[in-house]
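Data block below; observations after.
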Amino acid sequence: MPVSIYKCSKCDFTQPSDSLWGECDYLLPNGIRLPMETARAWCQDCSRIVKMEDFQSCIDAVSKVFVQKSNTLRAKPVRHWWDLHLFIFLWKWKARLQAWEQSVYNHSLASADMDELQELISVRKSERCLECGSEAVSRFSGEDEHPHCGGRIYSETLAVAGSEVWVSHRFVIDLYSQDGLYIRTDVVNGHPFPDYLYREFLQMENARIRGISIPASAAKMFNR
Ligand SMILES: [Zn+2]
Ligand SMILES: [Zn+2]
């Protein structure tokens with residue numbers, strides 16, 4: 001990914017953007033992991049641009065999953081008497097039904113996570129800086145005033161001799177308690193984004209912890 005640098009129009013403040021990369025998850029005491037949404041912010045205690053928890057985006061993500069789930073439930077395949085081919089080629093009908101059942105199952109895993117995320121957010125009072133845990137954070141739009149300085153912070157793509165500088169990081173996920181306090185960082189296979197099925201694997205692990213039964217076909221895919 002190309003690296004950009006935040007600079008101030010008035011003072012010599014500089015900050016590379018790659019400290020803001022990576023994803024964050026909540027890690028509950030029982031091992032369940034829930035996806036966190038983050039926003040860029042100015043932290044008064046860090047005196048720089050940080051990632052902060054973003055409760056509103058979490059709530060949006062929760063309702064999006066709930067809508068997808070109810071749409072899927074409503075889209076149950078039906079076989080009318082005139083769908084003759086579905087009676088003759090029974091495998092076609094079964095495949096269609098199976099695909100739908102799999103999709104319902106996936107959505108039920110996702111919505112179990114979202115139920116817990118909603119619960120977690122509902123008892124929290126304020127969002128934290130994900131660097132230091134401070135609650136003295138304010139959202140940063142990308143071109144804001146530099147606090148206590150009065151200059152404007154802007155971002156510039158880092159270039160050396162006219163070429164953009166690209167950095168390839170291992171993908172990392174920072175884990176936080178349900179109170180938004182840092183626990184540890186996990187390195188994930190794949191960069192700049194986690195390997196395909198990484199999120200699905202986490203959902204499956206959550207299901208295991210909750211004691212939800214996992215269909216053999218799905219479990220086979222994740223045995224590694
Ligand atoms: Zn400044
Ligand atoms: Zn901070």
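Computed from the coordinates by the stated procedures, all read-outs in this text should not be read as laboratory data. Since the model is a prediction, treat every value here as computed from it, not as a measurement. Note that each Cβ is placed from the backbone with ideal geometry, even for glycine, and that neighbours are counted across all protein chains shown.
Residue by residue through the stretch 100-111, what is 3J(HN,Hα) from phi via Karplus (6.51 cos²θ - 1.76 cosθ + 1.60, θ = phi - 60°)? Round to whole Hz and write x for glycine and proline.
Running phi through 6.51 cos²θ - 1.76 cosθ + 1.60 with θ = phi - 60° gives 5, 4, 4, 5, 4, 4, 4, 5, 5, 5, 4, 6 Hz.
When the chain is modelled as a GNM with alpha-carbon springs shorter than 10 Å, which of Ser103, Ser126, Ser213 fluctuates the most?
Fluctuation is largest for Ser213.
Excluding residues on the same chain fewer than 8 positions from Lys7, give the aspartates and glutamates whose Cα lies under 12 Å from its Cα.
Lys7 reaches Glu143, Asp144, Glu145, Glu156.
Under a GNM of the chain (C-alpha, springs under 10 Å), which listed residue has the highest mean-square fluctuation: Asp174, Asp18, Asp83?
Asp83
Provide, in order from the shortest bin, the percent of all Cα-Cα pairs of the stretch 1-61 in each 10 Å bin, continuing until the bin that contains the maximum pair distance.
18, 40, 30, 10, 2
Amide H of Val188 versus every other amide H placed in the peptide plane: which residues, excluding those fewer than 5 positions away on the same chain, fall under 5 Å?
It is Phe171, Val172, Ile173, by chain and number.
Please report, in whole Å, how far the alpha carbons of the chain spread along each principal axis, starting with the longest.
So the three principal-axis extents are 76, 45, 35 Å.
Cα axis of helix 55-74 to longest principal axis of the chain: angle in degrees, 0 to 90, nearest 10?
Roughly 10 degrees, rounded to the nearest 10.
Rounded to whole Hz and in sequence order, give me ³J(HN,Hα) for the stretch 137-147 from the Karplus expression 6.51 cos²θ - 1.76 cosθ + 1.60, θ = phi - 60°, writing x for Gly and Pro.
10, 9, 4, 10, 8, x, 9, 10, 6, 7, x
Out of the stretch 53-148, which chymotrypsin sites (Phe, Trp or Tyr not before Pro) are coil in DSSP terms and have no more than 15 other C-beta atoms within 10 Å? Before the final figure, lay out each step's value.
On the way: sites: Phe55, Phe66, Trp81, Trp82, Phe87, Phe89, Trp91, Trp93, Trp100, Tyr105, Phe140; in loops: Trp81, Trp82, Phe89, Phe140.
Hits after loop and neighbour filter: Trp81, Trp82, Phe89.
Scan around Phe140 for amide H atoms under 5 Å from its own, H built in the peptide plane at 1.01 Å from N, and keep only partners 5 or more places away or cross-chain.
For Phe140, the qualifying residues are Arg40, Ala41, Trp42.
Using a Gaussian network for the chain with springs between C-alpha atoms less than 10 Å apart, which of these wobbles most: Cys149, Cys129, Cys43?
Highest fluctuation of the listed residues: Cys149.
Once phi is turned into ³J(HN,Hα) by the Karplus curve 6.51 cos²θ - 1.76 cosθ + 1.60 with θ = phi - 60°, what whole-Hz value does each residue of the stretch 80-87 show in order, with x for glycine and proline?
8, 4, 7, 7, 3, 4, 6, 8
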